[in-house]
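Q: Mind looking over this structure? Questions follow.
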Amino acid sequence: MATLRQEGTPMTGTSDSTHLRLPVTVRVAALLYLFLGAAFGASVPFVLAYLERNGELPMTFWFRSMAGPFEQLGPETFTALGWTFVVVCAADVVAGVGLWRGRRWGARLGLAASPLALALGVGFDLPLILLGVPVRVALVLAGRRSLG
């Protein structure tokens, strides 16, 4: 994709990728990274606090939140994996911001975090993660050549 501005920025001497015209694939991938990272990163601490307080996972609609195979590992391991998931979600948000700005490091970070997010999504039985992660990876791979 062509840039709207070719000269370097005063601070770095490199092109300012915030002025890139990014393809829709990268924009949608960025939004998926941001949405999934923020939604789960913000909600998992509440689930973990409820588990610590009550000794069980909270009900969400008609099912228990995050009640997947990891639940069988015991509360300590479950909690450790839950906090690991929060860190992965934070990385997803950072990757989403980088992608939105057209940064190649955003794609690298997002692609590196995605296998962890998918594995944790399987362990916590999170359908939105299981659907969203492969889609966002495919979108990043489709638009990676446009990143600066």
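Q: Estimate the FRET efficiency between Glu56 and Arg27 by the formula 1/(1 + (r/R0)^6), using the beta-carbon distance for r and 30 Å for R0, to the nearest 0.05. Working shown, then result.
A: Working: r = 40 Å, r/R0 = 1.33.
Computed FRET efficiency for Glu56 and Arg27: 0.15.
Q: Okay, next question. For the chain, I need the span (max minus min coordinate) of the C-alpha atoms along each principal axis, in Å, sorted largest to smallest.
A: Computed over the chain, the largest-to-smallest principal extents equal 58, 28, 23 Å.
Q: Given R₀ = 35 Å, what would the calculated FRET efficiency be for Ala49 paired with Arg108, taking r from the Cβ atoms and rounding to 0.05?
A: Calculated value: 0.60.
Q: Where Rh denotes the Kirkwood radius from the mean inverse Cα pair distance, what is Rg over Rh for the range 61-148?
A: 1.05
Q: Against the longest alpha carbon principal axis of the chain, how many degrees, from 0 to 90 and to the nearest 10, is the axis of helix 24-54 turned?
A: Roughly 20 degrees, rounded to the nearest 10.
Q: Continuing with the same structure: Once phi is turned into ³J(HN,Hα) by the Karplus curve 6.51 cos²θ - 1.76 cosθ + 1.60 with θ = phi - 60°, what whole-Hz value does each residue of the range 125-130 show in order, with x for glycine and proline?
A: So the Karplus estimates, Gly and Pro as x, are 6, 10, x, 5, 5, 5 Hz.
Q: Can you list the residues, at least 5 places off or on another chain, whose amide H is less than 5 Å from the amide H of Arg101, using H built in the peptide plane?
A: Under 5 Å from the amide H of Arg101: no residue qualifies.
Q: Specify the longest stretch of the chain that does not include any exposed loop site, a site being one of the GluC sites (Glu not before Pro) with a non-H, G, I, E, B DSSP assignment and at most 14 other Cβ atoms within 10 Å.
A: Working: sites that count: Glu7, Glu56.
The segment 57-148 is the longest one with no such site.
Coordinate-derived values only; no laboratory data. Bear in mind that the values here come from a model prediction, so they are computed numbers and not experimental data. Positions of Cβ are generated from backbone atoms using ideal geometry, with glycine treated the same way; all protein chains shown enter the neighbour counts.
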